[in-house]
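**Q** Structure in structure tokens, see below.
The values are calculated or read from the model by the stated rules, or taken from the named source; none is laboratory data. Note that this is a predicted model, so its numbers are computed, not measured. Here the Cβ positions follow ideal geometry from the backbone for every residue, glycine too, while neighbour counts run over all protein chains shown.
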């Protein structure tokens with residue numbers, strides 16, 4: 001898959017909302033945005049910010065991973081996992097559904113890229129079915145911020161990040177940190193937080209968010 005291919009994020013959000021029986025305006029009220037914005041996201045006319053995306057998935061009780069699966073639409077049903085004892089457990093997980101696996105080796109042209117609002121780009125680096133983790137190459141363009149409104153976000157999981165280039169400002173609770181190339185961060189994602197790039201060059205890093213399944 002070309003990294004230029006973006007999963008139909010809005011369609012999947014709308015499908016999840018309808019399956020939950022939640023009205024568009026009710027979802028907008030729950031996450032604190034306008035119904036117009038939710039409508040634009042669902043129809044693909046607008047991309048959510050990082051904070052809005054996590055707010056939507058939390059409200060709908062779904063994972064970010066479920067929205068990023070490029071093969072989810074029109075794909076075949078997952079294959080049955082091998083019988084216990086036939087292969088080591090780790091290999092059994094990999095073999096359970098190769099259609100939804102990214103890896104064990106993922107070249108740049110095989111990975112999905114999702115451009116979010118406010119100058120943030122996510123590239124999914126890999127996926128093992130059944131593993132509860134978001135594994136992402138994250139880029140904050142100059143001026144990029146995880147929340148366009150400036151509000152802090154919180155979501156399920158534990159967050160680990162390593163910045164490879166550029167510089168980010170991390171607001172974590174009442175504290176603010178300058179994250180430079182070579183620095184790493186880790187914290188519970190339920191702690192209110194926000195990232196922003198105040199610099200003139202992109203800030204790029206590898207991020208893991210674990211424990212995000214619902």
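**Q** With the requirement that a residue be surrounded by 19 or more Cβ atoms within 10 Å (Cβ to Cβ) and in a helix (DSSP H, G or I), what does the range 33-57 give you? Let's see the steps before the verdict.
**A** Step one: list which residues in the range 33-57 are surrounded by 19 or more Cβ atoms within 10 Å (Cβ to Cβ), which gives 33, 38, 41-42, 48-57.
Passing the criteria: 38, 41, 42, 50, 51, 52, 53, 54, 55, 56, 57.
**Q** Next up: I'd like to know if the range 169-185 contains one or more residues that are surrounded by 14 or more Cβ atoms within 10 Å (Cβ to Cβ) and touching a helix residue (DSSP H, G or I) at 6+ places or on another chain (Cβ under 8 Å).
**A** Looking through the range 169-185, none of the residues is surrounded by 14 or more Cβ atoms within 10 Å (Cβ to Cβ) and touching a helix residue (DSSP H, G or I) at 6+ places or on another chain (Cβ under 8 Å).
**Q** Are any of the residues in the range 84-98 assigned to a helix (DSSP H, G or I), surrounded by fewer than 19 Cβ atoms within 10 Å (Cβ to Cβ) and at pLDDT 50 or above?
**A** Taking every residue of the range 84-98 in turn, none turns out to be assigned to a helix (DSSP H, G or I), surrounded by fewer than 19 Cβ atoms within 10 Å (Cβ to Cβ) and at pLDDT 50 or above.
**Q** Could I ask something else about it? Have a look at 188, 159 and point out the one that is surrounded by fewer than 20 Cβ atoms within 10 Å (Cβ to Cβ) and either in contact (Cβ under 8 Å) with a residue 24 or more places away in the chain or over 29 Å from residue 30 (Cβ atoms) (or both). Spell out how you get there, then give the answer.
**A** Details: 159 fails: surrounded by fewer than 20 Cβ atoms within 10 Å (Cβ to Cβ).
Exactly one of 188, 159 is surrounded by fewer than 20 Cβ atoms within 10 Å (Cβ to Cβ) and either in contact (Cβ under 8 Å) with a residue 24 or more places away in the chain or over 29 Å from residue 30 (Cβ atoms) (or both), namely 188.
**Q** Only residues that are within 15 Å of residue 136 (Cβ to Cβ) and under 15 Å from the mean Cα position of the chain (by Cα): list them for the range 159-203, please.
**A** Within the range 159-203, 159, 160, 161, 189, 195 meet the criteria.
**Q** Exactly one of (1) in contact with a strand residue (DSSP E or B) (Cβ under 6 Å, 6 or more places away or on another chain); (2) more than 22 Å from residue 113 (Cα to Cα); (3) assigned to a strand (DSSP E or B) is unmet by residue 176. Its number?
**A** The one condition residue 176 does not meet is (1).
**Q** Conditions: (1) over 26 Å from residue 30 (Cβ atoms); (2) buried (at least 18 other Cβ atoms within 10 Å of the Cβ). Residue 209 meets all but one. Number of the miss?
**A** (1)
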